[in-house]
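Some notes on the structure that comes next.
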Amino acid sequence: MPEPPAGPDAVKETAQRMLANVERVVVGKHDEIALVLSALISGGHVLLEDVPGTAKTMLARSLAQTVEGTSFARLQCTPDLQPTDVTGLSIYNQKTREFEFRAGPVFANVVLVDEVNRAMPRTQSALLEAMAERQVTVDGVTHPLAVPFFVIATENPIDQEGTFPLPEAQLDRFALRAALGYPHQEDEVAIVLAQRHGHPIEALHGVVSAGEVLALQRAVEDIYVDELLLRWIVDLVRTTRSVDGVAVGASVRGSLTLERTARAWALLHGRDHVVPEDVEHLFLPVLAHRLILSSSFLAETRALGRSQALARIRDRCLELAPPPSPDWDT
């Protein structure tokens, strides 16, 4: 395994190689790809919630192919998907007269869980131990997962028939939730032109090693967070528990994830320290799916839509817990 990059410039160069490679397939979504990469190098997982045809699957596949020496698995969730279809199971070998463990798709480095809300709750819960502890237990035996290990789950917010909404405990396991959205017109033209003679992912090659990804994850730990900034992150998350419009705020895991993801975001942008703008940018991706909005607030903001309603909550929290003054780091 290589040592962590020597400094911010080396780290940024590695991250930029990954970003540029994925952008060969997922066009015009630089910030969204950066969000996903920040989850990867901070050791978290991502929930992509968007309509079909917005490159969610292509993002997962291109990310897996960007990292050499890693494996990719896709789980297409349906109501009849069983927990053992995720984790694997023990099968009796008549020749050896012993049970042998056959690993499931969750043992890949990058796991795409497509339409996760179509799986039964029992199957959804099979992902909990894997996502939280990087291991699965089958028949009383614990099996460690591959490293790096990264889950990208997708949901279709439009078609809700025959789905099983993820419980709060499952949502809380995702470092962030993001949406790719439709591309701009010129980007969509470029996508159509690029696929006239095949899909760009067919020619995609790895540009970093699994060891370099692990080195980036270790480098995240060295990103500096001033104590004043750390206290503000905690205050900001605590504010979600009392602000008007929120019935249940973010847990302590929200504080932990926001701080760690902010360090990863700073690293991706070539800095060795976190600034308040990092935290503000990540507030909704990291915390929005951890909040349960009150029924009265939902009724009040029905015409705005969920994204604008959540933006209003963010603005209220920033008013109640404002960022440190501009000279906070002097």
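The values are calculated or read from the model by the stated rules, or taken from the named source; none is laboratory data. As the structure is a prediction and not an experimental result, all values here were calculated from the model. Positions of Cβ are generated from backbone atoms using ideal geometry, with glycine treated the same way; all protein chains shown enter the neighbour counts. Calculation scope for accessible area: heavy atoms of the full protein, side chains included, ligands and nucleic acids excluded. Shrake-Rupley method; radii C 1.70, N 1.55, O 1.52, S 1.80 Å.
Give me the residue from segment 154-198 that is of a type in the set (Ser, Thr, Tyr) and at pLDDT 85 or above and, out of that set, farthest from Glu49 (Cα to Cα). Don't jump to the end; show me each part of the working.
First pass over segment 154-198, keeping only residues of a type in the set (Ser, Thr, Tyr): 154, 163, 182.
Of the ones still in play, those that are also at pLDDT 85 or above are 154, 182.
Details: Thr154: 6, Tyr182: 12 Å.
Of everything passing the filter in segment 154-198, Tyr182 is farthest from Glu49 (Cα to Cα).
Do the conditions hold for Gly254, that is, is it of a type in the set (Gly, Ala, Ser) and under 23 Å from the mean Cα position of the chain (by Cα)? Please lay out each step first, then the result.
Working: of a type in the set (Gly, Ala, Ser): yes; under 23 Å from the mean Cα position of the chain (by Cα): yes.
Criteria met by Gly254.
Among (1) in contact with a Leu (Cβ under 7 Å, 6 or more places away or on another chain); (2) under 24 Å from Phe174 (Cα atoms); (3) open to solvent by 40 Å² or more (accessible area, probe 1.4 Å), there is one condition Arg24 misses while meeting the rest; what is its number?
Failing condition for Arg24: (2).
Check whether at least one residue in segment 301-313 is farther than 25 Å from Leu180 by Cα, assigned to a helix (DSSP H, G or I) and at pLDDT 90 or above, and report yes or no.
Residues of segment 301-313 farther than 25 Å from Leu180 by Cα: none.
No, segment 301-313 contains no residue that is farther than 25 Å from Leu180 by Cα, assigned to a helix (DSSP H, G or I) and at pLDDT 90 or above.
Return the pairs, sorted by first residue and then second, in which the second residue is among the acidic types (Asp, Glu), the first residue lies in segment 70-95 and is over 24 Å from Phe149 (Cβ atoms), the beta carbons are less than 9 Å apart, and the residues are 6+ apart or on different chains.
Partner pairs satisfying both residue conditions: Tyr92/Glu98; Tyr92/Glu100; Asn93/Glu100.
Could you list, ordered by first residue, the pairs with Cβ atoms under 7 Å in which the first is in segment 241-252 and surrounded by 13 or more Cβ atoms within 10 Å (Cβ to Cβ) and the second is of a type in the set (S, T, N, Q) and modelled with pLDDT of 95 or more, at least 6 apart or interchain?
If the second residue must be of a type in the set (S, T, N, Q) and modelled with pLDDT of 95 or more, the pairs left are Val246/Thr240; Gly249/Thr240; Ala250/Thr240.
Could you list, in sequence order, the residues of segment 90-108 that are open to solvent by 30 Å² or more (accessible area, probe 1.4 Å), hydrophobic (A, V, I, L, M, F, W, C) and at pLDDT 90 or above? Give the steps one after another, and end with the answer.
First, pick out the residues of segment 90-108 that are open to solvent by 30 Å² or more (accessible area, probe 1.4 Å): 90-103, 105, 107.
Remaining after also requiring hydrophobic (A, V, I, L, M, F, W, C): 91, 99, 101, 103, 107.
Residues satisfying the conditions are Ala103, Phe107.
Report yes if Thr78 is surrounded by 14 or more Cβ atoms within 10 Å (Cβ to Cβ), among the hydroxyl-bearing types (Ser, Thr, Tyr) and not in a strand (DSSP E or B), otherwise no. Please lay out each step first, then the result.
On the way: surrounded by 14 or more Cβ atoms within 10 Å (Cβ to Cβ): yes; among the hydroxyl-bearing types (Ser, Thr, Tyr): yes; not in a strand (DSSP E or B): yes.
Yes, satisfied.
For Glu259, are the conditions met, namely being of a type outside the set (S, T, N, Q) and open to solvent by 70 Å² or more (accessible area, probe 1.4 Å)?
On the way: of a type outside the set (S, T, N, Q): yes; open to solvent by 70 Å² or more (accessible area, probe 1.4 Å): no.
When the stated conditions are applied, Glu259 does not pass them.
Restricting to segment 106-136, name every residue that is in contact with an Asp or Glu (Cβ under 8 Å, 6 or more places away or on another chain) and more than 13 Å from Phe164 (Cβ to Cβ).
Gln135, Val136
Can you tell me which residue is most open to solvent (accessible area, probe 1.4 Å) among those in segment 221-235 that are assigned to a helix (DSSP H, G or I) and in contact with a helix residue (DSSP H, G or I) (Cβ under 6 Å, 6 or more places away or on another chain)? Break it down into steps so the answer makes sense when it comes.
Filtering segment 221-235 for residues assigned to a helix (DSSP H, G or I) gives 227-235.
Now drop any that are not in contact with a helix residue (DSSP H, G or I) (Cβ under 6 Å, 6 or more places away or on another chain), which leaves 233-234.
Details: Ile233: 2, Val234: 56 Å².
Taking the candidates together, the pick is Val234.
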